[in-house]
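First the structure, in the form of structure tokens, and then the observations on it.
The values are calculated or read from the model by the stated rules, or taken from the named source; none is laboratory data. Fair warning: this is a prediction, and the values are worked out from it, not measured in the lab. So basically every Cβ, Gly included, is an ideal-geometry build from the backbone, and we count neighbours across all protein chains shown. With ligands, DNA and RNA removed, areas are computed over all heavy atoms of the protein, side chains included. Shrake-Rupley method; radii C 1.70, N 1.55, O 1.52, S 1.80 Å.
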Amino acid sequence: MSTLLFGMGLYGMIARRNAIAVLMSVEVMLNAANLNFVAFWRYLYPQSLEGAVFVLVTITVAAAEAAVGLAVVLSVYRTLGTINVDEVSGLKG
């Protein structure tokens, strides 16, 4: 299941040209990693908390990534009027 989710996220990240869709695909890939962390934690080391800590760190990183990514996309849209990643090839000041 995790591999399927990661593959779908990777395909979405490569195939999509919309920056919002790319961010959503990255989130799907991070959730696939979270699913893997929970599965390995639950079946290999249920007495320790490393798996849960990894998931919490990953969720925190995903939330920060989404906030920063949306801020960048909003700024690019205000500046250039598009969020197509092909049209925004350079970050010139």
Being in contact with a strand residue (DSSP E or B) (Cβ under 8 Å, 6 or more places away or on another chain) and either part of a loop (DSSP other than H, G, I, E, B) or not aliphatic (A, V, I, L, M) (or both) is the filter here; which residues of the range 15-32 pass it? Arg17, Asn18
Residue tally, condition over 21 Å from the mean Cα position of the chain (by Cα) and of a type in the set (A, V, I, L, M), over the range 74-89: 1
Residues of the range 76-90 that turn out to be open to solvent by 60 Å² or more (accessible area, probe 1.4 Å) and assigned to a helix (DSSP H, G or I), as a count: 4
If Val76 meets every condition in (1) without any contact (Cβ under 8 Å) to a residue 40 or more places away in the chain; (2) out of contact with any helix residue (DSSP H, G or I) (no Cβ under 6 Å at 6 or more places or on another chain) apart from one, which number is that one? (1)
How many residues are aliphatic (A, V, I, L, M) and under 23 Å from Gly81 (Cβ atoms) when one looks only at the range 16-42? 6
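Results for (1) exposed (fewer than 12 other Cβ atoms within 10 Å of the Cβ); (2) touching a helix residue (DSSP H, G or I) at 6+ places or on another chain (Cβ under 6 Å); (3) free of Cβ contacts under 8 Å to residues at least 24 places away in the same chain, shown as yes or no for each residue.
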position	(1), (2), (3)
Ser2	no, yes, no
Phe6	no, yes, no
Leu10	no, no, yes
Met13	no, yes, yes
Ala19	no, yes, no
Val28	no, yes, yes
Leu44	yes, no, yes
Ala52	no, no, yes
Leu56	no, no, yes
